[in-house]
Amino acid sequence: MKIKVKVIANSGRNEISKFDEIYKVHLKSQPIDGKANKELIALLSEYFKVKKSNISIIRGLRSKEKSVEINQV
């Protein structure tokens with residue numbers, strides 16, 4: 001499954017909300033050295049109840065808008 005994600009980093013809370021086809025994700029981490037991407041993967045793994053290894057960012061590693069692939073087994 002592929003989803004579109006808009007990330008708001010350094011927001012002071014971890015939260016996922018869905019608007020139409022886009023997931024809006026607030027992260028506590030700053031977008032430095034991939035910390036926000038790691039936290040995004042951890043949060044999405046909890047939300048979709050899959051292992052972190054089943055989630056990969058396929059587009060937008062350095063962008064606020066990302067395409068994420070989730071392999072649900």
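Just so it is clear, none of the values below were taken in a lab; they were calculated from the coordinates. Just so it is clear, the structure is predicted and the values come from calculations on it, not from any experiment. Reconstructed Cβ throughout: ideal geometry from the backbone, glycine too, with neighbour counts over all protein chains shown.
For the reader, a short list of remarks on this structure follows.
- Neighbours of Ile55, meaning other residues whose beta-carbon lies under 13 angstrom from its beta-carbon, give a summed charge of +3 when Lys and Arg score +1 and Asp and Glu score -1.
- Around Glu15: net Lys/Arg minus Asp/Glu count, Cβ-Cβ under 14 Å: +3
- Across the chain, Cα pairs under 8 Å and at least six residues apart give a relative contact order of 34 percent.
- Sequentially through the stretch 56-73, phi angles give Karplus couplings (6.51, -1.76, 1.60; θ = phi - 60°) of 9, 8, 9, 8, x, 4, 10, 10, 6, 9, 10, 10, 10, 10, 10, 9, 8, 8 Hz, Gly and Pro residues having no value and appearing as x.
- Per-residue Karplus couplings for the stretch 7-20, computed as 6.51 cos²θ - 1.76 cosθ + 1.60 with θ equal to phi - 60°, are listed in order as 9, 10, 7, 6, 9, x, 8, 10, 7, 10, 9, 10, 10, 6 Hz, Gly and Pro entered as x.
- Whole-Hz couplings from phi, Karplus 6.51/-1.76/1.60, listed for the stretch 42-48; x for Gly and Pro: 5, 5, 5, 5, 5, 5, 8
- Computed log10 I(q)/I(0) for the chain at 0.12, 0.26 Å⁻¹: -0.26, -1.34, from the Debye equation with unit scatterers placed on every C-alpha and solvent omitted.
- Within the stretch 1-50, trypsin sites (Lys or Arg not before Pro) in DSSP loop having at most 16 other beta-carbon neighbours inside 10 Å: Arg13, Lys28, Lys49
- Amide H partners (placed H, <5 Å) of Lys64, local residues excluded: none
- Under a 5 Å amide H cut-off, with hydrogens placed 1.01 Å from N, Ile8 pairs with Val25, His26, Leu27 among residues at least 5 apart or on other chains.
- Counting only Cβ charges, +1 for Lys and Arg and -1 for Asp and Glu, the dipole size of the chain around its Cα centre is about 80 debye.
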